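Peer 1: First, the structure itself, so that you have it in front of you.
The values are calculated or read from the model by the stated rules, or taken from the named source; none is laboratory data. Predicted, not measured: the structure shown is a model, and the values here were computed from it. Here the Cβ positions follow ideal geometry from the backbone for every residue, glycine too, while neighbour counts run over all protein chains shown. Just so you know, the surface numbers come from the protein's heavy atoms only, side chains and all, with ligands and any DNA or RNA stripped out. Shrake-Rupley method; radii C 1.70, N 1.55, O 1.52, S 1.80 Å.
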Amino acid sequence: MRHHNHRCAEAQRTSKHACSSRPHRGFMARWILTNSLVAGVLALIWLILRSGTKPSRFAYPCQRAAISAAMLAFGAPVVSTVLAARRQVARGLRTPLGVAFAAAGLVVALGAWSYMSWAAEYQGPGLDPPVGYRADVFHVANCRQDPIDDNFVGLDNLITLMGQNGLKFYKSSNPSPVGGPDGIIAADDVVVIKINYQWSERGGTNTDVLRGLIRRIVDHPDTFTGEVIVGENTQFVPLSTFDRPDNNAQDHGQSPYDVVADFQAAGYDVSESVWTMIRSVLVDEYSAGDMNDGYVRYDYDALVQGRVSYPKFRSASGTYVSLRDGVWDPVSETYDNERLTFINLPVFKSHSIYGITACVKHHMGTVTGALSTNSHSAIRYGILGAMLGEIGMADLNILDAVWILARPGYGPSCSYANATRRDELVASVDVVAADLWAVTNIMVPAYIENGFSSWLAADPDDPSSIFRQYLDNSMDRILAAGHEATNDLTQVDAYTWSGASDHGDYDGSGAVDLPDFAQFDDCMAGPNAPPGPTGPVTVEDCLSTFDFDGDGDVD
């Protein structure tokens, strides 16, 4: 203290302000430091609120100005931290408040750098959809709520809609409105239906839809001699059979097990295969001499940050199924991939991590999360698309949107109370197009109707949203494997059928079925020709029921 007073006295002989100005300069430095930090925090908060997870917005003039303001403002505290750390050793940490401000600036600066690095990490898909490619999406609205015996009317209408627009449900040499040589399911096929049953209540696939789908399969017009297998890996939920009391159906007690048991009792070859029981069993293919049930696992792929996997198993009827290679014949030691039909039947939900669970995300129950695959964490990087690239795309995706979870940030579990009734179904061969179309046209409107105004993680229009990241990366892997898919809605042709319409339902049964098709054949005369009714049916009856496009003929 004596040395300080001596220096002040000496200074006063040359300038009367030399000593008194020193505290003033210290105050100004602290004032600038404090306000710099406050300005930087405010700029960063505005940047985060304005940009969210959309790195593309960083190119906007206002965002760029905010970045500059934040970085310049935080620059002073960062430099001060370094200087203060050096000087405080000599000064005995004489100004702890200044050091605290500087340290806070350093923390916020590091946080800003971390946020912008994270938000800018995603660069979008690496591959573009094929030029000229068109994806068909089929949509049924206003599905009848109560099933009719085994039939789910909305699904019957969906199959009719598909057939009207070129996608035949049945593979048959006898052409019909729903069948033809290029159809999906042959009479002797082994049909694997992948459901969602990891979660109870509305979190699992609607079993009324499942029952209706199996009914349509076993009602094959060429007489079904094949096999239907209901499969699912519930991962960490330890189920030995698909049976619990709280299910997604009009009758909450109707489980997938009950549906399977009813068809078995009627004499059909229908069974369940619980892949959860084999999720930790590492196996090789049948062609390599391994006849055990389990999961085939690929080597680690750094591109998707995980290991692709898929199940192989023996059904209750003794059929050996490889989800990649097809039906294995142990006598001839050959695969028949043509006989294996794979139908993906997910339920539509929001997801607390990935934004959306739909057709792509549903395949988390096809792969295994065990065996060091890192499957769940690798979804973001496209591992489910890589799996589809290896085993082949599902022959048909049917998205169950009868009851959906439309609450951003919730899911994938869904209680009865949190579910929203939509009574809709979506089908497509293109798993990516189906998801993007359904989120845009079903989920987002449901969010709005439920009172939500923000759904960043599930934003279908934002390529940096978590949903779009995993969807686009999955599409990359699908395209790289030589399959077709699109994330461009301008490449999607969507066809909609309203269940409220009686078009096609001639007998008024509530479903468009084979008796209706028979009457359609009687009325159909071709383009620009008058209908050819028979019996009591009039021209007016034909036109009112079967003139779908309203052009005055039945064609």
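Peer 1: With every protein chain kept in place and ligands, DNA and RNA left out, what is the accessible area per residue of the range 270-387? Probe 1.4 Å, answer in Å².
Peer 2: Result: 35 Å² per residue.
Peer 1: Label-point separation (nm) for Gln305 and Tyr133, each offset 7 Å from Cα along Cα-to-Cβ?
Peer 2: 2.5
Peer 1: To continue, here is another question. Under 5 Å between amide H atoms, partner at least 5 residues away or on a different chain: which partners does Gly231 have, H built in plane at 1.01 Å?
Peer 2: Ile193, Lys194, Ile195, Ser273
Peer 1: Using modelled amide H (1.01 Å from N, peptide plane; none on Pro or chain starts), what sits under 5 Å from the amide H of Thr496, excluding residues fewer than 5 places away?
Peer 2: Amide H neighbours of Thr496: His139.
Peer 1: Restricting to DSSP loop positions (anything but H, G, I, E, B) with no more than 15 other Cβ atoms inside 10 Å of their own Cβ, which GluC sites (Glu not before Pro) remain in the range 371-478?
Peer 2: Hits after loop and neighbour filter: nothing returned.
Peer 1: Extension gain Thr225-Asp521, at 0.36 nm per residue separation less the Cα-Cα distance, in nm?
Peer 2: On the way: separation 296, 0.36 × 296 = 106.56 nm, distance 2.67 nm.
Full extension of this stretch gives 103.9 nm more.
Peer 1: Students often get this wrong, so check it: of Lys194/Lys349; Lys171/Lys361; Lys168/Lys194, which have C-alpha atoms separated by over 25 Å?
Peer 2: Beyond 25 Å between Cα atoms: Lys171/Lys361.
Peer 1: Another one. Could you check the spin-label model distance between Asp547 and Thr440? Points 7 Å from the Cα along Cα→Cβ, value in nm.
Peer 2: Result: 3.3 nm between the two label points.
Peer 1: Return the carbon/sulfur percentage of the accessible area of the range 215-312, one whole number, probe 1.4 Å, all protein chains in place. Please report the intermediate quantities before stating the final value.
Peer 2: Numbers: 1940 of 4150 Å².
About 47 percent, which is the carbon plus sulfur part of the accessible surface.
Peer 1: Would you mind getting the accessible area per residue of the range 163-238, heavy atoms of the protein chains only, 1.4 Å probe, in Å²?
Peer 2: Heavy-atom accessible area per residue stands at 30 Å².
Peer 1: A further question follows. By how many nm would the segment from Asp182 to Asp395 grow when fully extended, if each residue of separation counts as 0.36 nm and the alpha-carbon distance is taken off?
Peer 2: Numbers: separation 213, 0.36 × 213 = 76.68 nm, distance 1.19 nm.
Length difference between fully extended and current span is 75.5 nm.
Peer 1: What does the convex hull of the Cα atoms come to per residue for the range 394-473, in Å³?
Peer 2: Hull volume normalised by residue count: 96 Å³.
Peer 1: Could you give the length gained on full extension between Leu456 and Phe236, defined as 0.36 nm per residue of separation minus the Cα-Cα distance, in nm?
Peer 2: Details: separation 220, 0.36 × 220 = 79.20 nm, distance 2.80 nm.
Once the chain is fully extended between Leu456 and Phe236, it gains 76.4 nm.
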